[in-house]
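Quick notes on the structure that follows.
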Amino acid sequence: MGAISLYAKPSANFEQKLAASKALLQSAAALYSPLTQASSLGAEDMVVSHLIVETGIASSIFVLDTRMLHAQTLVLVERLEARYGVKVDVYQPDPLVAEQFVRENGADAMYKSLDLRKACCDFRKMVPLERALAGKKAWITGLRREQSNARAEVHDVEQQNLLIDGQAVTRAKINPLADWTQGDIWHFISVNSIPYNPLHDEFFPSIGCAPCTRAVTLGEDVRSGRWWWENENAKECGLHVAEEPPAFESISRISSIPIKEIPA
């Protein structure tokens with residue numbers, strides 16, 4: 001059975017949730033410019049991209065290609081662009097930083113310690129993320145409260161006061177799917193024939209880097225396949241949960257490479 005057959009069961013008040021999500025996106029576009037979507041190319045983010053196009057709001061879309069993603073994930077960039085007629089910015093980590101990290105710690109460093117795993121996430125995700133968000137007033141995510149305990153308190157709009165490279169930055173995070181269920185997500189995907197990662201049909205509800213993602217069994221938490229060797233309270237990369245600085249101190253906060261740009 002595929003993910004749609006298994007999970008496409010909308011909430012009784014789904015239409016109200018959908019209307020509220022569209023209204024939130026429209027409000028965010030009016031209040032924050034420039035605005036962008038951070039897409040992991042997971043099911044939730046494909047829904048968000050669809051809603052961005054459907055509502056017609058002014059928002060770019062970007063993807064963090066960690067250079068360790070599944071091939072099935074990367075194919076979705078072209079499918080997303082072809083389906084919606086949009087351009088997707090793709091950001092990668094600095095190859096020299098990646099080579100140094102692997103040379104010093106091994107290709108399997110993420111399994112060796114929590115500090116090394118977080119360091120890997122930092123230069124592959126966090127550093128490119130800040131380049132992608134530079135100059136943006138707000139960013140849109142596919143976070144849902146149902147996803148994990150760490151995300152149970154997600155708000156529709158979150159104001160972030162950050163210190164980046166010694167500069168104070170205020171930025172809003174917009175979470176239009178915060179109260180959607182897994183059933184809502186897959187119902188919307190089914191109704192709108194939204195492209196999605198085929199790994200979802202192989203029991204990968206949450207998909208990240210290939211070494212850090214596994215399939216789950218029915219009944220397991222949707223994020224249990226991410227960093228499965230770690231304690232529950234460690235299972236975030238830092239994109240959506242504040243982290244302490246990683247052990248890999250040679251990382252530069254401006255070392256990232258935008259390899260595809262949305263034209264002005």
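So for the stretch 10-26 (the condition being within 28 Å of Ala71 (Cα to Cα), small (Gly, Ala, Ser), in contact (Cβ under 8 Å) with a residue 24 or more places away in the chain and assigned to a loop (DSSP other than H, G, I, E, B)), does at least one residue qualify?
No, the stretch 10-26 contains no residue that is within 28 Å of Ala71 (Cα to Cα), small (Gly, Ala, Ser), in contact (Cβ under 8 Å) with a residue 24 or more places away in the chain and assigned to a loop (DSSP other than H, G, I, E, B).
Those residues that are exposed (fewer than 14 other Cβ atoms within 10 Å of the Cβ) and either more than 18 Å from Thr36 (Cα to Cα) or aromatic (Phe, Trp, Tyr) (or both), I need them from the stretch 79-106; list them, please.
Passing the criteria: Ala82, Pro95, Leu96, Glu99, Val102, Arg103, Glu104, Gly106.
Considering Asp179, Asp201, which residue is outside any loop (DSSP other than H, G, I, E, B) and touching a residue at least 12 places away in the same chain (Cβ under 8 Å)?
Being outside any loop (DSSP other than H, G, I, E, B) and touching a residue at least 12 places away in the same chain (Cβ under 8 Å) holds for just one of Asp179, Asp201, which is Asp201.
Scan the stretch 27-38 for residues that are touching a residue at least 60 places away in the same chain (Cβ under 8 Å) and either surrounded by fewer than 19 Cβ atoms within 10 Å (Cβ to Cβ) or more than 25 Å from Val222 (Cα to Cα) (or both) and jot them down.
Ala28, Leu31, Tyr32, Ser33, Pro34, Leu35, Thr36, listed by residue number.
Going through Leu41, Leu51, Leu80, Leu76 one at a time, which residue ends up being in contact (Cβ under 8 Å) with a residue 60 or more places away in the chain, within 24 Å of Leu6 (Cα to Cα) and part of a loop (DSSP other than H, G, I, E, B)?
Going through Leu41, Leu51, Leu80, Leu76 in turn, the sole match is Leu41.
Of all the residues that make up the stretch 143-163, how many are more than 30 Å from Phe101 (Cα to Cα) and in a loop (DSSP other than H, G, I, E, B)?
Within the stretch 143-163, residues that are more than 30 Å from Phe101 (Cα to Cα) and in a loop (DSSP other than H, G, I, E, B) number 6.
Which of (1) surrounded by fewer than 15 Cβ atoms within 10 Å (Cβ to Cβ); (2) closer than 23 Å to Ile52 by Cβ; (3) hydrophobic (A, V, I, L, M, F, W, C); (4) within 18 Å of the chain's Cα centre (by Cα) does Ala152 not meet, given it meets every other one?
So the condition that Ala152 fails would be (2).
In the stretch 164-176, what residues are assigned to a strand (DSSP E or B) and either of a type in the set (Lys, Arg) or in contact (Cβ under 8 Å) with a residue 40 or more places away in the chain (or both)?
Ile164, Arg171, Ala172, Lys173, Ile174
Can you pull out the residues in the stretch 180-203 that are at pLDDT 95 or above, closer than 20 Å to Thr217 by Cβ and among the aromatic types (Phe, Trp, Tyr)?
Scanning the stretch 180-203 gives a single hit, Trp186.
The values are calculated or read from the model by the stated rules, or taken from the named source; none is laboratory data. Every value quoted in this text rests on a predicted model; they were computed, and no experiment measured them. Cβ coordinates were reconstructed from backbone atoms using ideal geometry, including for glycine residues, and neighbour counts include every protein chain displayed.
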